[in-house]
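One structure is given below, encoded as structure tokens.
Read the figures in this text as sums done on the coordinates, not as results from a lab. Since we're looking at a predicted model, the values are computed, not measured. Because the Cβ atoms are built from the backbone with ideal geometry, glycine has one as well, and the counts that use them run over all protein chains shown.
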Amino acid sequence: MRRALRLRAERRQMMTAEAEVLVELRRLRARLPQLTGALTASADGLVLAQDAVDGEAESVAALTAAALGVGQRLADTTGQGGFRELLVRGEHGYVATYAAGGSAVLTLLAEPRINVGRLHLEARRSSARIGELVDGALERRDPN
Amino acid sequence: MANTETALKEAAQIEGAIGAALVDYTSGMALGTIGGGKELDLNVAAAGNTDVVRAKVRTMEMLGLNDEIEDILITLGGQYHLLRLLKARGSAGLFLYVALDKNRANLAMARHQLKKIEADLEI
């Protein structure tokens, strides 16, 4: 119960960065027109901000958290250090997840024709920025 | 026959070469890079020039030109950037990218050498 309360408080604090994170997601989509959706989620799978992933954002965030858990364990077990990113290529496009600071991730959906090199360059920059925003929001003391 | 590494080494030996990369323009990722360093991030160049190649390929399709691109030359104030699209079987969708120092490079020679590197390359 105490844990649940703490998580809720944490999420509330993270949500204070929502507007700025959303601006960053829109900027990213403007730079990469072949993105079909973008969302930022907390590492435990709750949506913090999303752009054009309507309807399925919650489940994408939850699945991202599950994939993140496996990715982290896989990187750790094989001695590759902390989790950085995960790229899934399906028949009809890509799903990419990037670590954004210590407690959030950036998940992007893209068309199959996207320039993956550019996707990585832009998304790494954006995830670092989003990480700063979310970590910054967590550090700010809750006024209540 | 040369592999990717040898081909890149040869490209780096072209007079005036600053950096070179073998790039897959279906993904925008570099298969290999040589040189570059701090002044020229070759992974950024690979992704950026992929857009250049794709734009030109699409433009030719729209113009109805039933032809293919041999190479693309971009002339900067102080550099030449050469993109050579590979034609051999098994290397379709790839291009060789070389950045040259304008003051030291001989453009005709560089294009000639790049053509030779392409002919020898096996992926």
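Among the trypsin sites (Lys or Arg not before Pro) found in the stretch A:1-94, those both in a DSSP coil and sparsely packed, with 13 or fewer other Cβ atoms within 10 Å of their Cβ, are A:ARG84.
For chain B, averaging the sequence separation of C-alpha pairs within contact (under 8 Å, six or more residues apart) and dividing by the residue count gives a relative contact order of 34 percent.
For B:LYS56, the aspartates and glutamates whose Cα comes closer than 16 Å to its Cα, not counting residues fewer than 8 places off in the same chain, are B:ASP24, B:ASP67, B:GLU68, B:GLU70, B:ASP71. For the stretch B:19-84, GluC sites (Glu not before Pro) meeting the loop criterion (DSSP other than H, G, I, E, B) and having at most 13 other Cβ atoms within 10 Å: B:GLU68, B:GLU70. Only the Cβ atoms of Lys and Arg (+1) and of Asp and Glu (-1) were treated as charged; on that basis the dipole of chain A about its Cα centre amounts to roughly 260 debye.
Each helix, a run of at least 4 DSSP H residues, gives -39500 (n - 2.57); summed and divided by the residues of chain A, these come to -17000 deg cm²/dmol at 222 nm. A Cβ-based charge dipole, computed about the Cα centre of the protein assembly as shown with Lys and Arg at +1 and Asp and Glu at -1, lands at about 480 debye. The stretch between B:GLU39 and B:LYS87, if pulled fully straight at 0.36 nm per residue, gains 14.3 nm over its current Cα-Cα span. Overall, the stretch B:4-120 carries a charge dipole of about 100 debye about its Cα centre when +1 sits on the Cβ of Lys and Arg and -1 on the Cβ of Asp and Glu, all other atoms neutral.
Relative contact order of the stretch A:48-144, taken over Cα pairs closer than 8 Å and 6 or more residues apart, is 19 percent. Taking every residue in B:36-48 and counting other chain Cβ atoms within 10 Å of its Cβ, the average works out to 2.
Bridgeable lysines around B:LYS115 (alpha carbons under 18 Å apart, same-chain partners fewer than 8 residues away excluded): B:LYS9, B:LYS87. Of the residues B:THR59, B:THR75, A:ALA9, the one whose Cα sits farthest toward the positive end of the charge dipole of the protein assembly as shown, with +1 on the Cβ of Lys and Arg and -1 on the Cβ of Asp and Glu, is A:ALA9. Taking each DSSP H run with n ≥ 4 as -39500 (n - 2.57) and averaging over every residue of chain B yields -12000 deg cm²/dmol at 222 nm.
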